[in-house]
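Scroll down for the structure; my scribbles are underneath it.
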Amino acid sequence: MQVTMTVNGTEVTRDVEPRLLLVHFLRDTLRLTGTHWGCDTSNCGTCVVLVDGEPVKSCTALAAMTDGHDVRTVEGMARNGTLDPVQQGFMEEHGLQCGFCTPGMMLTARALLDRNPDPDEGEIREAISGQICRCTGYATIVRSVQWAAAHPAAATTEQEVTT
Amino acid sequence: MTTVEERSTMPQERESNPAANAADRPIGYGRIQRKEDPRFVRGKGRYLDDIVLPGMLHGAILRSPMAHARLVSIDTTEALAHPKVHAVITGKDLEGLNLAWAPTLSADTMAVLATDKVRFQGQEVAFVVAEDRYSARDALELIDVEYEELPVVIDARRALEPGTAVIRDDKEGKTDNHIFDWEAGDKAETDAVFARAAVVVSEEVVYPRVHPAPMETCGAIADYDPIDGKLTLYETTQAPHAHRTLYAMVAGIPEHKIRIIAGDIGGGFGNKVGIYPGYVCAVVGSIVTGKPVKWVEDRSENLMSTSFARDYIMKGEVAATKDGKILAVRTHVLADHGAFNATAQPTKYPAGFFSIFTGSYDLEAAHCSVTGVYTNKAPGGVAYACSFRVTEAVYLVERMVDVLAQKLEMDPAELRLKNFIRPEQFPYKNKTGWEYDSGDYEPALRMCMEQIGYADLRREQEEKRARGELMGIGVSFFTETVGAGPRKHMDIVGLGMADGAEVRVHPTGKAVVRLSVQTQGQGHETTFAQIVAEELGIPPEDIEVVHGDTDQTPFGLGTYGSRSTPVSGGAVALAARKVRDKAKAIAAAMLETRPEDLDWEKGRFFVKGDPSAAKTIQEVALGAHGTVALPDGIDGNLDAEVTYDPPNLTFPFGAYICVVDIDPGTGKVKVRRFVAVDDCGTRINPMIVEGQIHGGLADGVGMALMEFIGFDEQGNCLGGSFMDYLIPTAMEVPDWETGYTVTPSPHHPIGAKGIGESATVGSPPAVVNAVVDALAPFGVTHMDMPCTPARVWEAMQGRPTPPI
């Protein structure tokens, strides 16, 4: 079957098996390997991408289900070479170690900050509670998101550049 | 400030060289951002499953649904008829290649694909190679296997009972499920101390089976070139060089024709040390089909078949005086190794470094004995940041010290302070033969108590108890045992545990470091650049760290047991110092003086008494490769290679205090606060050090409260997905509070002791001690992990039960 969707601002159309998972569509078909796969059961969240701005676990969604929708992956976070403040925050506050859960964590953080630019610690923890990190113990991820909330300027610059 | 003064053995001053440091960041030790992060935050990591080779096929494994059964027949006809299937490989096929069985890392054998029986649920039975990952999975459904069920052995306590099914009847003459008996310490002396002790406490302490469960599962891509006979094997491995040698020994491919590439690894924690059947099958698949073959396991395969951790049933005993002087400890352990003895540890240590169970205390005697048994469970045992079983040792002694404190009605922190090895006793030889390199325990525990407000918390607890509220304070103090190890004592399958490292300074003064160890998130590309930067004054961003490719790096045993900084860190520092010595001779030639007339400050040599007559390390590098007339015996480069054989292990330590609140209605445990004071000797990048600690603390909370690989009576794995194997999220862990002291290792080139596993080792007893402390009003003296709401509630009713 044919699916058409917008991925990181670019419209793509591909023929896929109806059973193809969104995570495999992104990774194998489009070769966007920044989206990872970790569990199959929607528990770990390494596969989180934004669909119409909301975090979605792409291991439990079919590519066909995102037909006509807007998908954003980690590869679409930085624009014109400017990192999203969330990406910068993860580097500043050591919010990553092995880096495997990081794309999903960052996209969830982006979605949180888009609807709540100044979240408290509890709100950040709740926002990322559908995702597992085995390396950091989460405290530095929380601090990374707080850093991004405190430094929204980079995002503004980036929007100016892209518009 | 209670930070312990750094000793005079410390190298160099810590301040960066202001002249060479325009930016506000240290050249050398200190907090800098990680060099690996820019690619990870852009989604540009290079993990195994990201790699696609031309013409690559995909493998999938058919696994046993049964825990113990005779293999009657396998019919692969339908699978082979699948239009996208290129090969189906069974144990019979591997028998023809002499690969159906492979040696383990513990002098046992393990099945690659089952030939006679299956011995645990999830064991590998057949391997399909197909054009894509979905077709490979489809074809698994088309394989027809007939099994004849056999009685299963799940409870290690019953594994040695007469009449029990023999799991390893493949071993000639094997009539039981016994693997080994091992002991350490002096039994007679220990028994004598126990016989005259005024107080003896004992408890059965179970460290249940858990799993490292890195976010990236295990996988491999095998690419065999039949023309030049070279095998390129991309792997999720923590030990590329050891793997290369083992493949050469097992598969008969010459070692120089094997190249192991480990790219970015999505977490390891000991899960990626061993060689799994899937890797071997990918190799065979590539040889058979003539194409690259990728195999990546799914999460259930990871949890059910790859290296688990712990599974120790420990009878712990402590002998003490009435006023709380601990005299001796002894224990007997039943170690469940699963169906194959495949633990990854130094050969002479079948129970790893468990005999360090004397902990941080000055004792008169100690004795431990360990019996290993086979059961119908997945193999493994040494994993999950355990430092070769120091986790089990620390958990036992720290739990038992609390049992003693409760019996004597003493404060558990005071009891520990009373029994610590004193600073002047180091290097300290314990009663089971270990020589602790350095330590200063009391300041660490006092700092931890002060930071958490221990006295206030005890008062709060008293008030809450009066109101019927359940609050617990748990103390743990651990001594780690890492950096394996001296090659005269330690090897893995005959390979000595020394590490090579190479430092090369290019003509323009940029450098490359080549490592045998393999990062899985620890930040080696940053830390090792900083070690060289500290020694040579070259900025870390000018230093490339190469690792994870056996064709490009010197030999070494890999990253596990917190050994990278203690072993490879020593190698890198010494190689950099050799470069510096050579640079000094060249600088002297350039300055037309003698080497002994030169002084070094980070980044440059200058003539004594005339700081303006100087050559930077970059100028020397160009001189070395240029036309400078070199002194006799100095060749024209600035390179050095060192293989570092550590003289002893290193012994990091730490004090942890955990505060929990328990809902009396549901038994749910909430970790309110956790303070960790760690001492890992020299801290190279404090940000990375803290990160390592944070991760381990979350492990500890997970194991103490949630994580558990259980089995039912038929041997079905009850922890086979993340719906059943529960891992803490951000909601279950607190905001970690940390502190540190610095007691360098006296024998290590830079005084560093390693930090990767300290918190995983030290934190579980702090959490469990807090839970038991909270439950003390119910008469609870011990409860086993995981302290799930249901199990805590049962303990409150007076029915604490072991999990297995």
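Couple of notes before you dig in:
- Pick from the range B:650-702, criterion under 25 Å from B:Glu414 (Cβ atoms) and among the charged types (D, E, K, R), ranking: surrounded by the fewest Cβ atoms within 10 Å (Cβ to Cβ): B:Arg672
- Of all the numbered requirements in (1) facing chain B (nearest Cβ under 9 Å); (2) more than 13 Å from the chain's Cα centre (by Cα); (3) assigned to a helix (DSSP H, G or I), A:Val86 misses one, and that requirement is (2).
- Test: residue in the range B:259-276 that is more than 21 Å from the chain's Cα centre (by Cα), of a type outside the set (Ser, Thr, Tyr), closer than 29 Å to B:Met497 by Cβ and not in a helix (DSSP H, G or I): yes
- Residues in the range B:507-546 that are more than 14 Å from every other protein chain (Cβ to nearest Cβ) and part of a loop (DSSP other than H, G, I, E, B): B:Pro507, B:Thr508, B:Gly509, B:Lys510, B:Ser516, B:Val517, B:Gly537, B:Ile538, B:Pro539.
- A single entry from B:Ala576, B:Ala588 fulfils the requirement of being surrounded by fewer than 24 Cβ atoms within 10 Å (Cβ to Cβ) and modelled with pLDDT of 95 or more: B:Ala588.
- Filter result (among the hydroxyl-bearing types (Ser, Thr, Tyr) and either under 20 Å from A:Ser42 (Cα atoms) or within 14 Å of chain A (Cβ to nearest Cβ) (or both)) within the range B:725-757: B:Tyr725, B:Thr729, B:Thr738
- Within the range A:92-152, helices (runs of 4 or more DSSP H) holding 2 or more residues that are more than 10 Å from every other protein chain (Cβ to nearest Cβ) and surrounded by fewer than 20 Cβ atoms within 10 Å (Cβ to Cβ): A:102-115, A:139-150
- Residues of the range B:367-394 satisfying the condition of being under 14 Å from B:Thr432 (Cα atoms) and touching a helix residue (DSSP H, G or I) at 6+ places or on another chain (Cβ under 6 Å): B:His367, B:Cys368, B:Val390, B:Ala393
- Here no helices (runs of 4 or more DSSP H) wholly within the range B:393-487 include at least 2 residues being on the phi > 0 side of the Ramachandran plot and either without any contact (Cβ under 8 Å) to a residue 24 or more places away in the chain or out of contact with any Gly (no Cβ under 8 Å at 6 or more places or on another chain) (or both).
- Some residue of the range B:160-170 being more than 14 Å from every other protein chain (Cβ to nearest Cβ), crowded, with 23+ Cβ neighbours inside 10 Å and in contact (Cβ under 8 Å) with a residue 40 or more places away in the chain: yes
- For the criterion of being out of contact with any Leu (no Cβ under 9 Å at 6 or more places or on another chain) and either over 20 Å from B:Ala282 (Cα atoms) or buried (at least 21 other Cβ atoms within 10 Å of the Cβ) (or both), B:Leu62 fails.
- Set B:Phe708, B:Phe722: member being within 8 Å of chain A (Cβ to nearest Cβ), closer than 30 Å to B:Asp155 by Cβ and surrounded by 20 or more Cβ atoms within 10 Å (Cβ to Cβ): B:Phe722
- No other residue among A:Gly68, A:Gly81 is surrounded by fewer than 24 Cβ atoms within 10 Å (Cβ to Cβ), touching a strand residue (DSSP E or B) at 6+ places or on another chain (Cβ under 9 Å), more than 17 Å from A:Ile132 (Cα to Cα) and more than 9 Å from every other protein chain (Cβ to nearest Cβ) apart from A:Gly68.
- Residues that are away from every other protein chain (no Cβ under 13 Å), closer than 21 Å to A:Gln2 by Cα and charged (D, E, K, R), drawn from the range A:26-65: A:Asp52
- Scope the range A:1-29; condition within 16 Å of the chain's Cα centre (by Cα) and either within 20 Å of B:Glu131 (Cβ to Cβ) or crowded, with 23+ Cβ neighbours inside 10 Å (or both); matching residues: A:Leu22, A:Val23, A:His24, A:Phe25, A:Leu26, A:Arg27
- Members of the range B:535-568 found to be among the acidic types (Asp, Glu) and surrounded by fewer than 24 Cβ atoms within 10 Å (Cβ to Cβ), listed by number: B:Glu541, B:Asp542, B:Glu544, B:Asp549, B:Asp551
- Tallying residues that are in contact with a helix residue (DSSP H, G or I) (Cβ under 6 Å, 6 or more places away or on another chain) and surrounded by fewer than 24 Cβ atoms within 10 Å (Cβ to Cβ) within the range B:123-136 yields 1.
The values are calculated or read from the model by the stated rules, or taken from the named source; none is laboratory data. Source: prediction; values computed, not measured. Here the Cβ is made from the backbone with ideal geometry for all residues, glycine too, and neighbour counts use every protein chain on show.
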